[in-house]
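Have a look at the structure below before the remarks.
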Amino acid sequence: MILSEEQINRYSRQIVLKEVGGIGQKKLLDSKITIVGLGALGSPVAYYLSAAGIGNLKIVDYDIVDISNLHRQILHFTKDVNREKTESAYEKLHALNPDCNIELVKERIIPSNVKKIINGSDFVIDGSDNLPTKMLINDACINLKIPFTIAGVLRFHGQIMTVIPESKTTCYRCIFGDIQEAPTGMSCSQAGVIGPVTGILGCIEANEAIKFILDIGDLIVNKILYVDLLVNSYDFINVYRDENCIACGDNAQDLVQTLDYGVDRVCQ
Amino acid sequence: MSVKNNKKKELDIRGKICPMTFIYTKLALEEMNKGEFLEVLLDYPPAVENIPYSCKRQELAEVFEIKEIDADKKVWQLILRKI
């Protein structure tokens with residue numbers, strides 16, 4: 001692949017970085033990343049990855065834009081209310097960077113389609129808003145050995161971790177596997193969320209994907225970054241792999257086919 | 001050591017300004033093997049210092065020679081050796 005004059009100009013401020021260069025830019029242009037959810041987290045993720053020249057983005061969302069989304073879901077505008085989020089996102093991402101091939105998947109991620117959707121991805125980013133979907137993404141990515149990052153946001157705080165199945169790093173289920181369902185009232189719609197915290201966590205997710213593709217820096221593995229913007233705290237919490245984890249442990253099974261995730265029962 | 005005995009690549013970035021001067025130099029160096037020479041023709045005065053500085057900082061190349069080849073038109077020839 002030879003970078004065009006326009007590409008050299010477009011990506012010049014990242015090509016100039018020692019860690020990127022033309023070699024790194026070509027890796028980004030060659031890469032395939034799947035983003036699950038085009039809401040508060042998925043919006044900045046998709047925006048920055050498209051802008052960075054990720055060559056192939058698969059964007060997954062079944063939902064339509066609601067006016068209550070707009071304070072945090074920065075890919076969607078007032079004119080997009082009642083429009084499919086994938087279509088709304090595609091319009092902006094394509095306008096931002098036509099270099100990026102974008103595949104739209106207008107489906108809810110469920111056990112029967114998750115592997116088909118993420119298969120072939122170099123990296124998966126969770127931008128979902130509920131625990132069952134995060135567990136499903138965790139289990140499917142581990143089974144297919146696809147690296148991924150998961151973030152969650154609520155009120156003024158958020159958390160993020162990256163999992164590299166090949167390296168057997170601590171997975172989401174190792175830590176949160178005991179939680180059967182989110183406590184009552186603990187969803188964004190009921191507990192609320194401030195826009196900037198979703199932006200910060202989404203940007204960190206995008207940065208994790210870029211670092212993985214380029215094989216640079218340190219990923220947030222075997223630890224969780226916990227952010228509380230109300231008091232401006234950014235803390236890393238070390239977490240450890242559970243050898244008996246049913247998703248990534250020594251006797252792990254393919255959970256996607258057997259477990260009842262309850263994705264279809266998630267409160268909207 | 002001489003340029004003549006080694007493989008040499010030429011890059012004309014006259015008309016380009018920073019940071020594109022370094023970016024084009026970097027892209028050319030990335031395609032080269034260690035020890036090979038890159039002869040850069042440039043006419044943006046700050047780049048005479050900026051390119052060697054950035055090449056050194058990113059451990060890409062070292063300066064072999066800098067020559068002002070046209071004082072009137074302010075054109076320089078910068079010879080870099082890939083490291």
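Computed from the coordinates by the stated procedures, all read-outs in this text should not be read as laboratory data. As the structure is a prediction and not an experimental result, all values here were calculated from the model. Note: ideal-geometry Cβ built from the backbone for every residue, glycine included; neighbour counts use all protein chains shown.
Please compute the net charge surrounding A:GLU208, taking Lys and Arg as +1 and Asp and Glu as -1 over other residues with Cβ under 13 Å from its Cβ. Spell out each step's value before the answer.
Working: positive: A:LYS211, A:LYS223; negative: A:ASP122, A:ASP126, A:GLU205, A:ASP215, A:ASP218.
Its environment carries a net charge of -3.
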Notebook entry, point to check: In degrees from 0 to 90, rounded to the nearest 10, what is the angle of the helix B:45-57 Cα long axis to the longest principal axis of chain B?
Noted result: 30
Next item on the list: Please name whichever of A:VAL256, A:GLY177, A:ILE194 sits farthest to the positive end of the charge dipole of chain A, dipole taken about the Cα centre and charges placed at Cβ: Lys and Arg +1, Asp and Glu -1.
Entry: A:ILE194
Check: Relative contact order, percent, of the range A:57-97 when contacts are C-alpha pairs under 8 Å separated by at least 6 residues?
Finding: 41
Check: For the peptides A:65-71, A:104-110, what is the packing order when you average, over each peptide's residues, the other Cβ atoms within 10 Å and list the highest mean first?
Finding: A:104-110, A:65-71
Notebook entry, point to check: Where the eigenvalues come from the Cα gyration tensor of the range B:8-82, what are the semi-axes √(5λ) of the equivalent ellipsoid, largest first, in whole Å?
Noted result: 18, 12, 11
Checklist line | Inter-probe distance in nm under a simple model that places probes 7 Å from Cα toward Cβ, at A:VAL81 and A:LYS106 | finding: 2.1
Margin query: Please give the charge dipole size of the range A:31-258, origin at the Cα centre, charges +1 on K and R Cβ atoms and -1 on D and E Cβ atoms. Round to the nearest 20 debye.
Written below: 240
Next item on the list: Treating only the Cβ atoms of Lys and Arg (+1) and Asp and Glu (-1) as charged, compute the dipole magnitude of the range B:8-82 about its Cα centre; round to the nearest 20 debye.
Entry: 160
Check: Taking the Cβ of A:VAL60 as the center, what net charge do the other residues with Cβ under 15 Å away carry, scoring Lys and Arg +1 and Asp and Glu -1?
Finding: -1
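Counting other C-beta atoms within 10 Å, and keeping those with at most 13, which DSSP coil chymotrypsin sites (Phe, Trp or Tyr not before Pro) do you find in the range A:227-260?
A:TYR240
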Item checked: Rg/Rh (Cα only; Kirkwood hydrodynamic radius) as it applies to the range A:31-258 -> 0.94
Notebook entry, point to check: Treating the beta-carbon of each Lys and Arg as +1 and of each Asp and Glu as -1, no other charges, what is the dipole magnitude of the range A:1-143 about its Cα centre, to the nearest 20 debye?
Noted result: 200
Margin query: Counting only helical runs of four or more DSSP H residues, what would the 222 nm mean residue ellipticity of chain B come to if each run contributes -39,500 (n - 2.57) and the total is spread over all its residues?
Written below: -9000 deg cm²/dmol
Next item on the list: Run the numbers on the range B:8-82 and let me know its relative contact order in percent, using alpha-carbon pairs under 8 Å that are six or more apart.
Entry: 36
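How much mean residue ellipticity at 222 nm does chain A get from its helices, if each DSSP H run of length 4 or more adds -39500 (n - 2.57) and you divide by all residues, to the nearest 500 deg cm²/dmol?
When only DSSP H runs of four or more count, the value is -9500 deg cm²/dmol.
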Next item on the list: Work out the mean other chain Cβ neighbour count within 10 Å for the residues of A:17-27 and drop it here as an integer.
Entry: 3
Check: Tally Lys/Arg at +1 and Asp/Glu at -1 over every other residue whose Cβ is under 9 Å from the Cβ of A:THR170; what's the total?
Finding: +2
Check: Whose amide H sits under 5 Å from the amide H of B:PHE64, counting only residues 5 or more places off or on another chain, with H placed in the peptide plane?
Finding: B:ILE79, B:LEU80, B:ARG81
Notebook entry, point to check: Per residue of A:233-239, how many C-beta atoms from partner chains lie within 10 Å of its own C-beta, taken as a mean?
Noted result: 0
Margin query: Take the residue pairs A:LYS18/B:LYS8; B:LYS9/B:LYS73; A:LYS58/B:LYS26; A:LYS85/A:LYS115 and return only those whose Cα atoms are more than 27 Å apart.
Written below: A:LYS58/B:LYS26
Check: Straight-line reach from A:LYS116: which aspartates and glutamates have Cα under 12 Å away, leaving out those fewer than 8 places along the same chain?
Finding: A:GLU107
Item checked: Unit charges at the beta carbon, dipole of chain B: most positive-side option, B:PRO45, B:CYS18, B:CYS55 -> B:CYS55
Notebook entry, point to check: Using a simple spin-label model with points 7 Å from Cα along the Cα→Cβ vector, what separation in nm is obtained for A:GLU91 and B:ASN33?
Noted result: 5.4
Item checked: Pairwise label distance in nanometres, A:PHE156 with B:ILE17, each label 7 Å out on the Cα-Cβ vector -> 4.4
Margin query: Run the numbers for A:ILE179 and A:ASN9: contour at 0.36 nm per residue of separation, minus the present Cα-Cα distance, in nm.
Written below: 56.4 nm
